[in-house]
């Protein structure tokens, strides 16, 4: 791996997770506050995460299996915040009842 | 207050003291990078480093043990069984830590015989404490296990959190036995060493802090037991699901078979996912409570824990965990950057949160707020993020110039270390380390006084009413 | 997961025992060691060459094993891992020692500096008196090694350089292997 590729790929992978985190935080905050603005911001973060994943798959020197893994986990990141939210809501409701 | 809880307060005092020693030793270690003639042949880098990382482990361990001694009698509604033994062992523990520190400072190392291993320095990173002290730690942990299980047994009561805790204490005790052997073959040595370092610190501790956070959330936000327990089970399953084979990312380059590249890379790349779930949970809790709580310092430190863990372990870990990148980032300051961030996020913030939670209860203050906690919160976190940033810049420089271009020879190591980016990163680490140290001093001041004045005013008000 | 880990552990310990598939026996210190690309695996692996006695003698397997035991004891007692890294693990203040035996600096810098005839002897001389042979601002402290201890460490480093580490560190000692 060439040095420029090395740094570029590592930074992209870091940003990939960071964007996923930002999406999770903003999504949860948007539902908690019923804010459309926050919701849009959260989707923007998720779209940027998908774009980073795409860039890693197209440009980086990672092996094919790792690229597949990145692509799959990019999709998984999309589900985690809404699923976690629903799970938490369900637990809280059950408890309230 | 139960005797066990008074013991908890002593453990917290010892933990915070060692946190200070860790910070001082860390600052000293950072200084060698900017002035390499510092204390040459008098007190060299490795001794400062040993003090830094061993006090790190011990202060966190003392924080955890103290927290359990605090929560346990509340959980079971009775005094901890065999508390006198725990009290005696606390003082022995402190004395042992002091003796080991004195030996590390003044004797430093011995010759290549068994005497060194038993009484001076075992020289395996994180496991430098001589064997006699390791025996002491085993005794403390076994007493701790006895206290917890016997109290639950005597109380004839078990809760979900306690089950998880007790089951976790088994590997916590067993894995530490790896602190004793002296294995000639470096590959075997490091294979087992990672069982201790990864499984103990990143596995059993992760579960332990999960239990402590569950108790803390119940007290801090009034979250119901069913919810925290359900969440704890999910967390434990996910941490164990990804963490056990995530161990494999330490087995890329130690002589172990090539299949570890795939297994370790895959499972450790999954590790950010449960952390993301935890961040969502933290935001959910903060949202449903509208950021309102009677204990703002504890609340903010809990939030810092969730975010710090996600960024430190998740983001920083993912940057360098895939084998193709790790080949170049491994063994550089990049790892140091990740280590600092992850330890702080996963454990440091959590222990501080618990101490604030406990202090509010001991000082019986409803208005538990101060200006100092905000300063210490800001300084400690800013200092940490700055240090981690400096180390990341230095680490990336090493990955490029030492590993990828230079081929990791001594010459390549020197070239990378003299690179301007590396040196700037190291200077930044010292400066932000100083900020962190100031934050620590403010934290100590705040822990000593927070809530005291409010509690006195509250009592006067109640008396006059 | 634990069951899988148990199986992998049994296999890994077998592969990494001295004399296993990826870790050579201790008497490899009697042979030449190089580091060259293995095209089938896509990275560099150690290459064990012709006979090359260490410190002018050939060690039997039991002798070599004893020497390694001493070497590891020295490495632990002087806490080498708290400045250097082994297979990339340890502290990061000193250079990585995984392939240190193959480092061209020994022949290019230390052999002329110490006046030693072989790389092994230069390493011993440096380890015993590091303050006399400074090459850089960050200097190794004098850890009061006896000659026997220093020789054992050098032997240990030679053995370690023959461990197949899945290509870590990449492109090490190019000059060494090209020669």
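Here, each number is a calculation from the coordinates, and none is a lab measurement. Everything numeric in this text was worked out from a predicted model, so none of it was measured. Please note: Cβ atoms are built from the backbone with ideal geometry, for glycine as well, and neighbour counts cover all protein chains shown.
What order, most packed first, do the peptides B:377-384, B:352-359 have when packing is the mean number of other Cβ atoms within 10 Å of each residue? Don't skip to the answer; put the middle values down first.
Values: B:377-384: 20.4, B:352-359: 25.4.
The most tightly packed comes first, giving B:352-359, B:377-384.
If contacts are Cα pairs under 8 angstrom and at least 6 residues apart, what is the relative contact order of chain B in percent?
Numbers: 614 pairs, mean separation 58.4, N = 465.
Relative contact order here is 13 percent.
Take every Cα-Cα distance within region C:33-86, group them into 10 Å bins from 0 onward, and report for each bin the whole-number percent of pairs it holds.
19, 29, 38, 14
Find the Rg to Rh ratio for region B:343-465, where Rh is the Kirkwood radius over alpha-carbon pairs and Rg uses the same atoms. Can you show the working numbers first?
Working: Rg = 21.8 Å, Rh = 17.1 Å.
Rounded to two decimals, Rg/Rh equals 1.27.
Averaged across C:8-19, how many Cβ atoms of other chains sit within 10 Å of each residue's Cβ atom? Present the calculation step by step, with values, prior to reporting the outcome.
On the way: counts 9, 6, 0, 3, 11, 6, 1, 6, 12, 3, 4, 1.
Mean inter-chain Cβ contacts per residue within 10 Å come to 5.
At R0 = 41 Å, how high is the FRET efficiency between residue C:118 and residue A:11 if r is their beta carbon distance? Nearest 0.05 is fine.
Values: r = 45 Å, r/R0 = 1.09.
Plugging the Cβ-Cβ distance into 1/(1 + (r/R0)^6) gives 0.35.
Evaluate peptide A:22-28: per residue, the Cβ atoms of other protein chains within 10 Å of its Cβ; return the mean as an integer.
On the way: counts 1, 2, 9, 9, 1, 2, 9.
Neighbouring Cβ atoms belonging to other protein chains average 5 per residue here.
So what are the three principal axis dimensions of region B:75-219 from its Cα atoms, in whole Å, longest to shortest?
Result for region B:75-219: principal-axis Cα extents of 52, 33, 24 Å.
Could you work out how far the C-alpha centroid of region B:386-427 sits from that of region C:106-179, in angstrom?
22
What whole-number value in cubic angstrom gives the convex hull volume per residue for the C-alpha atoms of region B:83-147? If you can, show how the numbers build up before the last one.
Details: hull volume 4.8 nm³, N = 65.
Spelled out: Cα convex hull of region B:83-147, divided by residues, is 73 Å³.
What is the calculated FRET efficiency for residue B:233 to residue C:137, with r their C-beta to C-beta distance and R₀ = 51 Å, to the nearest 0.05?
Numbers: r = 53 Å, r/R0 = 1.05.
Efficiency, from the Cβ-Cβ distance: 0.45.
Between region B:159-227 and region B:267-281, how far is it from one alpha carbon centroid to the other, in angstrom?
Distance between centres, Cα-based: 18 Å.
When the chain is fully extended, how far beyond the present Cα-Cα distance does residue B:445 get from residue B:224, taking 0.36 nm per residue of separation?
Working: separation 221, 0.36 × 221 = 79.56 nm, distance 3.32 nm.
Value of the extension gain: 76.2 nm.
Kirkwood hydrodynamic radius, computed over distinct alpha-carbon pairs, for region B:153-202: how many Å, to one decimal? Let's see the in-between values first.
On the way: mean 1/r = 0.0789 Å⁻¹.
Evaluated on region B:153-202, it is 12.7 Å.
Quick check on chain C: of the DSSP beta bridges with both residues there, what percent are antiparallel, nearest 5%? Numbers along the way, then the final one.
Working: 10 of 11 bridges.
Around 90 percent of the beta bridges assigned by DSSP in chain C are antiparallel ones.
Which length gain, in nm to one decimal place, applies between residue B:92 and residue B:153 when the Cα-Cα distance is subtracted from 0.36 nm times their residue separation?
Going from the current span to full extension adds 19.3 nm.
Averaging the inverse of every distinct alpha carbon separation and then flipping it gives the Kirkwood radius. What is it for region B:1-56, in angstrom units? If you can, show how the numbers build up before the last one.
On the way: mean 1/r = 0.0791 Å⁻¹.
Kirkwood radius, region B:1-56: 12.6 Å.
Taking the Cα atoms only, what angle lies between the long axis of helix B:349-363 and the longest principal axis of chain B, rounded to 10 degrees?
Approximately 20 degrees, to the nearest ten.
Based on alpha-carbon centroids, what's the gap between region A:1-42 and region C:29-98 in Å, whole number please?
The two parts, judged by their Cα centres, are 43 Å apart.
Apply 1/(1 + (r/R0)^6) to the Cβ-Cβ distance of residue A:2 and residue C:66, taking R0 = 60 Å, and write down the FRET efficiency to the nearest 0.05. Walk me through the numbers before you get to the answer.
Numbers: r = 45 Å, r/R0 = 0.75.
Computed FRET efficiency for residue A:2 and residue C:66 comes out at 0.85.
Using bins 5 angstrom wide from zero, how does P(r) for region A:14-96 break down, in % of all Cα pairs?
Bins of 5 Å from zero give 3, 15, 22, 20, 14, 11, 8, 4, 2, 1, 0 percent of pairs.
Distance in nm between label sites at residue B:163 and residue B:292, each 7 Å beyond Cα in the beta-carbon direction?
About 3.6 nm separates the two model spin labels.
Taking only Cα atoms, what is the 0 to 90° angle, nearest 10, from helix B:45-76's long axis to the longest principal axis of chain B?
Orientation of helix B:45-76: about 20 degrees from the principal axis.
Shielding of B:134-144 by partners, i.e. mean partner chain Cβ atoms within 10 Å per residue?
On the way: counts 0, 0, 0, 0, 0, 0, 0, 0, 0, 0, 0.
Partner-chain Cβ atoms within 10 Å, mean over residues of B:134-144: 0.
Take residue C:36 and residue B:3, extend 7 Å from each Cα along the Cα→Cβ direction, and tell me the distance between the two endpoints in nm.
7.2
Once both axes come from the Cα atoms, what is the angle between helix B:259-270 and the longest principal axis of chain B, in degrees from 0 to 90, rounded to 10?
Roughly 40 degrees, rounded to the nearest 10.
Quick one: Debye curve from the C-alpha atoms of region C:25-178, no solvent, what's log10 I(q)/I(0) at q = 0.14, 0.16, 0.21 Å⁻¹?
For the requested q values the scattering log ratios are -0.68, -0.91, -1.61.
Mean shadow of the protein assembly as shown, computed from the convex hull of its alpha carbons, in nm²?
Numbers: hull surface 129.1 nm².
Average projection, Cα convex hull of the protein assembly as shown: 32.3 nm².
Per DSSP H run of n ≥ 4, the term is -39500 (n - 2.57); total these for chain B, divide by its residue number, and report the mean residue ellipticity at 222 nm rounded to 500 deg cm²/dmol.
On the way: 20 runs with 344 residues, N = 465.
Taken over chain B, the calculation gives -25000 deg cm²/dmol.
Over the Cα atoms of region C:90-157, what Rg and Dmax result, in angstrom?
Rg and Dmax of region C:90-157, Cα atoms, are 11.3, 32 Å.
Quick one, can you get me the convex hull of the C-alpha atoms of region B:191-309 expressed as volume per residue in Å³? Could you put the intermediate results ahead of the total?
Values: hull volume 10.9 nm³, N = 119.
Convex hull of Cα atoms, per residue: 92 Å³.
What area, in nm² and to one decimal, does the C-alpha convex hull of region B:1-182 cast on average over all directions? Please report the intermediate quantities before stating the final value.
Working: hull surface 43.4 nm².
So the mean shadow area of the Cα hull is 10.8 nm².
For chain C, what is the calculated [θ] at 222 nm in deg cm²/dmol (nearest 500), taking -39500 (n - 2.57) for each run of four or more DSSP H residues and dividing by its residue count? Working shown, then result.
Details: 6 runs with 65 residues, N = 179.
Rounded to the nearest 500, the figure is -11000 deg cm²/dmol.
Please compute the Cα-Cα pair-distance distribution of chain B with 10 Å bins starting at 0, giving whole percents from short to long.
The calculated distribution, bin by bin, is 4, 19, 30, 29, 13, 4, 1, 0.
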